[in-house]
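Written out below as structure tokens is the structure these notes cover.
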Amino acid sequence: MTDEESHTLHDTMEQFLTDTTRPGFEHDRRSSIHEIPGQTAHQAMQIYEPAGRLEVPNIPAAAEDLLQKAFDRSRTTLARLLPSVSSCRPWTYVEYGPRQHITPHLDCIAPDPHQWPRQIAGISVTIGPRCSGGEFFVETTSDERLWEPATSGPVVGYEDGMSFAHDGADNSSPWFAEMARTRWSVEPARGTALLYGSQLAHGTCPVTDGRMRKFISWLFADAA
């Protein structure tokens, strides 16, 4: 993404999030893009974002159009890394202030890894002034509790013996919260897309000063 595009996105969201509209997406927000079966939206927010965050699930049309065009420009590069990806879902805008962060979790190949479409990867693009903290991280583990038994027969779109992560791979599950993991953190350049697989544990470190601003979405394989 060009510097001009990054600045345009920043200015678009600053104009959208006025003193009147901002509280509804932050302190007064009652919904979340994160869900935990059997728990309320408030409970899911306490697990995933214990210190809160700003979340705009339906961004202005101008920002959505700019981000989708940037995705389309990157299709050739993406095809080398993730050849099954065919679409990018609508984008969500998030901000994190001091102490705010997202706890470790897996998105999993949603909504059903055996059906189409399949959520293959997450993607984020950071914009705006730099802050302190707020680094994105992934976590790796050899703990077998993370995985369901390997598939016993061929499943279209996967190699034989593919394993899928267990549901509940977040801090709502004691087995996940206590699991030993190694953390790998990164701070991508502003306007640079960051991709992470749907079966990879990830989250963000707490912001210590300033605000972290980013757009997030998910890349899908829509058919075999």
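The values are calculated or read from the model by the stated rules, or taken from the named source; none is laboratory data. Not measured: the values here are computed from a predicted model. As a convention, Cβ positions derive from the backbone with ideal geometry for all residues, glycine included, and neighbour counts pool all protein chains shown. Accessible surface areas use protein heavy atoms only, side chains included; no ligands, DNA or RNA. Shrake-Rupley method; radii C 1.70, N 1.55, O 1.52, S 1.80 Å.
For this structure, a couple of remarks:
- Cβ-Cβ under 9 Å pairs, at least 6 apart or on other chains, segment 99-125 side more than 18 Å from P37 (Cβ to Cβ), far side of a type in the set (S, T, Y) and open to solvent by 40 Å² or more (accessible area, probe 1.4 Å): R99/T208; P117/S86; R118/S84; I120/S84; V125/T192
- Count of segment 117-146 residues, restricted to those that are over 20 Å from Y196 (Cα atoms), open to solvent by 30 Å² or more (accessible area, probe 1.4 Å) and hydrophobic (A, V, I, L, M, F, W, C), is 0.
- Within segment 1-53, being more than 20 Å from G203 (Cβ to Cβ), open to solvent by less than 40 Å² (accessible area, probe 1.4 Å) and hydroxyl-bearing (S, T, Y) holds for S6, T12.
- Restricting attention to segment 154-199, the residues that are among the hydrophobic types (A, V, I, L, M, F, W, C) and within 27 Å of S6 (Cα to Cα) add up to 6.
- Looking only at segment 147-188, residues that are open to solvent by 70 Å² or more (accessible area, probe 1.4 Å), of a type in the set (D, E) and touching a strand residue (DSSP E or B) at 6+ places or on another chain (Cβ under 8 Å) come to 1 in all.
- Count of residues meeting criterion [touching a strand residue (DSSP E or B) at 6+ places or on another chain (Cβ under 9 Å) and under 14 Å from G191 (Cα atoms)] in segment 62-79: 6
- Of the residues making up segment 80-108, those that are part of a loop (DSSP other than H, G, I, E, B), farther than 20 Å from L219 by Cβ and out of contact with any Leu (no Cβ under 9 Å at 6 or more places or on another chain) are R99, H101, T103, P104.
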